[in-house]
1. Let me spell it out: the conditions are (1) in contact with a Ser or Thr (Cβ under 9 Å, 6 or more places away or on another chain); (2) modelled with pLDDT of 80 or more; (3) surrounded by 24 or more Cβ atoms within 10 Å (Cβ to Cβ); (4) under 24 Å from Gly69 (Cβ atoms), and Glu182 meets all of them except one. Which number is the exception?
2. Pairs only if they're at least six apart or on different chains, beta carbon under 9 angstrom, first in region 248-267 and hydroxyl-bearing (Ser, Thr, Tyr), second part of a helix (DSSP H, G or I) and modelled with pLDDT under 85; list them, first residue then second.
3. Looking at Leu96, is it out of contact with any Phe, Trp or Tyr (no Cβ under 8 Å at 6 or more places or on another chain), under 22 Å from Leu75 (Cα atoms), of a type in the set (A, V, I, L, M) and at pLDDT 85 or above?
4. Hey, could you check region 20-53 for residues that are small (Gly, Ala, Ser) and modelled with pLDDT of 80 or more and say which is farthest from Ile337 (Cα to Cα)?
5. For region 14-52, what are the residues that are aromatic (Phe, Trp, Tyr) and surrounded by fewer than 21 Cβ atoms within 10 Å (Cβ to Cβ)?
6. Here's a check for you: in region 67-84, which residue that is more than 20 Å from the chain's Cα centre (by Cα) and of a type in the set (Gly, Ala, Ser) is nearest to Ala119 (Cα to Cα)?
7. In this structure, does Ala11 turn out to be among the aliphatic types (A, V, I, L, M), under 19 Å from the mean Cα position of the chain (by Cα), buried (at least 20 other Cβ atoms within 10 Å of the Cβ) and farther than 30 Å from Gln247 by Cβ?
8. Pairs, please: C-beta under 7 Å, at least 6 apart or cross-chain, first residue at positive phi and surrounded by 15 or more Cβ atoms within 10 Å (Cβ to Cβ) and in region 198-210, second of a type in the set (Lys, Arg) and not in a loop (DSSP other than H, G, I, E, B)?
Amino acid sequence: MNRSLWLLALAQGLFLVNNVTFIAINGLVGLQLAPFGWMATLPVMGYVVGGAVATPLVARSQARLGRKGSFQLGLLVALGSALLAAWAAWVQSFGLLLLATVVAGYYNANGQLYRFAAADLSAPAWREKAVSLVLAGGLLGAVVGPHLAAWTRALLPVPFVGAYLALAAVAVLAMVVMAGVEFPKAPEPQAAGGALAGRPMRAIMRQPVFAVAVLGAALGYGVMNLLMAATPLAMQVCGFEFGATAQVLQWHVIGMFAPGFVTGHLIRRFGTLAIMGAGVVLNVLCVAVALSGVEFAQFLVALLLLGVGWNFLFTASTTLALSTYRPEEKDRAQAAINTCVFATLALTSLASGALVTTQGWMWLVLGSLLPLLLLGAALVWLRQRNQLVQPTPSS
């Protein structure tokens, strides 16, 4: 553990302040401005679609500018997109809001690499703990994000304009924090003759361990996004005030990141597949609680379980993926992982708004069992093949 690693964890926390606040308010602002109700979560979808589109651009900026330069560029985009979203809310333009969230997706794609960068700042033997610690920095987003949305939603005459302006200030603060992080020099990405060093991407992707790691990250994030993005709308339909929604989201994000202080220890003791399996079980428990009713307690407990399940799945999947590529392959491999994650997020963001506004909360929750069953089957398959590779020095 070192100064740069702690600063990166703080940057992760500020990234999650942005992320959680966007999730908390974009669907509600979209519901106000969208011409049709099913389009309410399109601004949430825009955030992840923008991330998917930006992922190859971020990979190139990482290779050309290095970790710090690329991360600072992402924060500059975060500042501009927050100001654009504030203007969109002020002039009541749904199209402009969509544009702002798509642009903000570049920051989303950039921030998704913080967890991989944690491995660069630690000794190889402690990578899973470094990844877990940086993800635990997102706890700041759990504490600040929902409160920031609640405190600033009525700060100006037009609802939520103040929240977007507050996110612009958060981006400036994050730029100051990132300036203090010192990353080691990356390995030369080019081999002799100008060809890319390392194996081709198709060879990396054919590895069973890599495939399951990608599936765990993508489906784990997808199920979490499907339910979390729909929660503000579902709770509004059920008659809850925004303050109650903010409290549920706060405990959800606490569940996402508070376990980060111990997840690395659990992975070292029980292994990545066991922790991923525990994440699947927690997600199934979340579905069971959500199906039991629509009282405040059910929303709170279900979203808390969903958060802890996501933490186990995402941290363990990231750790598992680190063992499947070499240092010179990391930009391509990490970009491929994040592309799959963002594609899944885009699909679930659209499905979330469409299902919750047309079929209702219960059918949406029930539908989330399908990807969980698929992921559980993949974990059983990998264990039976005895293909689990223990983490070795890579990125």
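1. (3)
2. Sorted first by the residue in region 248-267, then by its partner, the pairs are Thr263/Glu128; Thr263/Lys129; Thr263/Val131; Thr263/Ser132; Thr263/Leu135; Thr263/Ala136.
3. no
4. To start, the set of residues in region 20-53 that are small (Gly, Ala, Ser) comprises 24, 27, 30, 34, 37, 40, 46, 50-52.
In the following step, the residues that additionally are modelled with pLDDT of 80 or more were identified as 30, 46, 50-52.
On the way: Gly30: 29, Gly46: 19, Gly50: 16, Gly51: 12, Ala52: 11 Å.
It comes out as Gly30.
5. If we filter region 14-52 for residues that are aromatic (Phe, Trp, Tyr), which is where we start, we get 15, 22, 36, 38, 47.
Within region 14-52, Phe36, Trp38 meet the criteria.
6. Gly69
7. no
8. Pairs that qualify, where the first residue is at positive phi and surrounded by 15 or more Cβ atoms within 10 Å (Cβ to Cβ) and the partner is of a type in the set (Lys, Arg) and not in a loop (DSSP other than H, G, I, E, B): there are none.
The values are calculated or read from the model by the stated rules, or taken from the named source; none is laboratory data. Values in this document were obtained by computation on a predicted structure and should not be read as measured data. All Cβ positions, even for glycine, are placed from backbone atoms using ideal geometry, and neighbour counts span all protein chains on display.
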